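A.B. asks: To start, I am sharing the structure in question, which I have written as structure tokens.
The values are calculated or read from the model by the stated rules, or taken from the named source; none is laboratory data. Just so we're clear, the structure is a prediction, and the values are computed from it rather than from any experiment. Cβ atoms come from the backbone with ideal geometry, glycine included; neighbour counts cover every protein chain shown. Side chains are part of the model used for accessible areas, which takes the heavy atoms of the whole protein and leaves out ligands, DNA and RNA. Shrake-Rupley method; radii C 1.70, N 1.55, O 1.52, S 1.80 Å.
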Amino acid sequence: MSAPRVQASPLNRLNANLEALGLDAVAPMVPDYVRLVADGERDLVSAMLDMTDAQLASKTRADDERRMRMANFPFVKTLADFDWAFQPSVPRGVVEELATLAFMERGDNVVLVGSPGVGKTHLAVSLGYEGVMAHRQVYFADCAGMVADLRSHDDKGTLARRWRFYEHCSLLIVDELGYLDIGKRGADLLFQLVNRRYRLKRSTIVTTNVGIGRWGEVLGDGVTASAIADRLCHHCTIIRITGRSYRLKDVGAAEMGVEEGAGE
Ligand code: ADP
Ligand code: MG
């Protein structure tokens, strides 16, 4: 003989529904709100509004966190963390205008040029962070690593699918162009990437320690280098940072080998 079916209480069934629907922020609020409504302290609509507001806030947080993970930032720094006084060659107004992300609406690019430690990656990550917070898909890649990834997909015959990944994100950050030798084939792949994003009007931020006119030297192929620069710089904000390395800011003049009284 089968056991008699016992109907779960409405509260238990509600909790089961909330769990099945993934409304995990609402579930713990229910007991309090049941009491508040029963006591006449809240009406049903405002109680439901509070609970759905909480669920929406939790979803927004989870979405932001997922996009942050996907963005693959090496560290998280924002413009609020940037010491403008230390690096006066950075045009603050220009960077703050970039942070409105209007450049992404237009599919424009940004190139940050400067020697090591001057804050190129920091600024690129800060702009990427603004993108993530504005619900955009952002992806940070170091140039040599990205090119190695493209090469390995090319070798495996899966490059077409990989292109879609690099084309898809609304902001791609290519960090450290010119630090490591990527070879002729790497330079070709980098050109294809830049060209694909150019055609789709998707923004790219490039950081580099090498002036654009010298990309031919570091990419080992002047024609490819100028084709890359041509696409990248067509609609582009170029920021040249000429100051000192922030990493060395606490190193005194003597340790740096500067003669006392030699001035700047
Ligand atoms: P780059 O990419 O130009 O080599 P980074 O952006 O990696 O330099 O900067 C090196 C370190 O110094 C990072 O931790 C960065 O956050 C910090 N940094 C650089 N410039 C500044 C600045 N003007 N204000 C605050 N922190 C800075
Ligand atoms: Mg860097």
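A.B. asks: Count the DSSP beta bridges whose two residues both fall in the chain, then state the antiparallel fraction as a percent rounded to the nearest 5.
C.D. replies: Taking every DSSP beta bridge within the chain, about 0 percent pair in antiparallel fashion.
A.B. asks: Near LEU18, within a Cβ-to-Cβ distance under 15 Å, what is the net charge of the other residues, with Lys and Arg +1 and Asp and Glu -1?
C.D. replies: Local net charge: -2.
A.B. asks: Moving on. Rank these residues by their accessible area, most exposed first, probe 1.4 Å: PHE191, PHE165, PHE82, PHE103.
C.D. replies: PHE165, PHE191, PHE82, PHE103
A.B. asks: A further question on this structure: Rank these residues by their accessible area, most exposed first, probe 1.4 Å: LEU49, LEU219.
C.D. replies: Heavy-atom accessible area, descending, gives LEU49, LEU219.
A.B. asks: Using a cut-off of 11 Å between beta-carbons, work out the net charge of the residues near PRO74 (Lys and Arg +1, Asp and Glu -1, PRO74 not included).
C.D. replies: Result for the local shell: -2.
A.B. asks: Suppose each label sits 7 Å from its Cα in the direction of the beta carbon; what would the VAL251-VAL45 distance come out to in nanometres?
C.D. replies: The answer from the label model is 6.6 nm.
A.B. asks: Provide the descending list of Cα extents for segment 123-175 along its principal axes, expressed in whole angstroms.
C.D. replies: Principal-axis extents of the Cα atoms in segment 123-175, largest first: 35, 20, 9 Å.
A.B. asks: Summarise the accessible area of the chain (1.4 Å probe, protein heavy atoms) by the percent that is carbon and sulfur.
C.D. replies: Percent of accessible area from carbon and sulfur atoms in the chain: 54.
A.B. asks: Let me ask something else. Pick from ASN15, ASN209, ASN72 the residue whose mean-square fluctuation is largest in a GNM of the chain, springs joining Cα atoms under 10 Å.
C.D. replies: Answer for the Gaussian network model of the chain: ASN15.
A.B. asks: If you don't mind, another one. Along the charge dipole of the chain, which of LEU171, PRO28, ALA134 sits closest to the positive end, that is, farthest toward it, with unit charges on the beta carbon of Lys, Arg, Asp and Glu (+1, +1, -1, -1)?
C.D. replies: LEU171
A.B. asks: For segment 15-116, what's the relative contact order in percent, using C-alpha pairs closer than 8 Å and at least 6 residues apart?
C.D. replies: 17 percent
A.B. asks: Here's a follow-up. Rolling a 1.4 angstrom probe over the protein heavy atoms, how many square angstrom per residue are accessible across the chain?
C.D. replies: On a per-residue basis, the chain sits at 57 Å².
A.B. asks: What residue among LYS249, LYS120, LYS59 has the largest mean-square fluctuation in a Gaussian network model of the chain, using Cα springs under 10 Å?
C.D. replies: LYS249
A.B. asks: Put one equal scatterer on each alpha carbon of the chain, apply the Debye formula with no solvent term, and list log10 I(q)/I(0) at q = 0.12, 0.13, 0.14, 0.17 1/Å to two decimals.
C.D. replies: -0.80, -0.88, -0.97, -1.26
A.B. asks: Any chance you could run the full-extension gain for THR78 through ASN17? It's 0.36 nm times the residue separation minus the Cα-Cα distance, nm to one decimal.
C.D. replies: Length gained, THR78 through ASN17: 17.9 nm.
A.B. asks: Rounded to the nearest 20 Debye, what is the dipole magnitude of the chain about its Cα centre when Lys and Arg each give +1 and Asp and Glu each give -1 at the C-beta?
C.D. replies: Dipole about the Cα centre, nearest 20: 1160 debye.
A.B. asks: Could you work out [θ]222 nm for the chain from helices alone, using -39500 (n - 2.57) per DSSP H run of at least four and dividing by all its residues? Round to the nearest 500 deg cm²/dmol.
C.D. replies: That calculation yields -15500 deg cm²/dmol at 222 nm.
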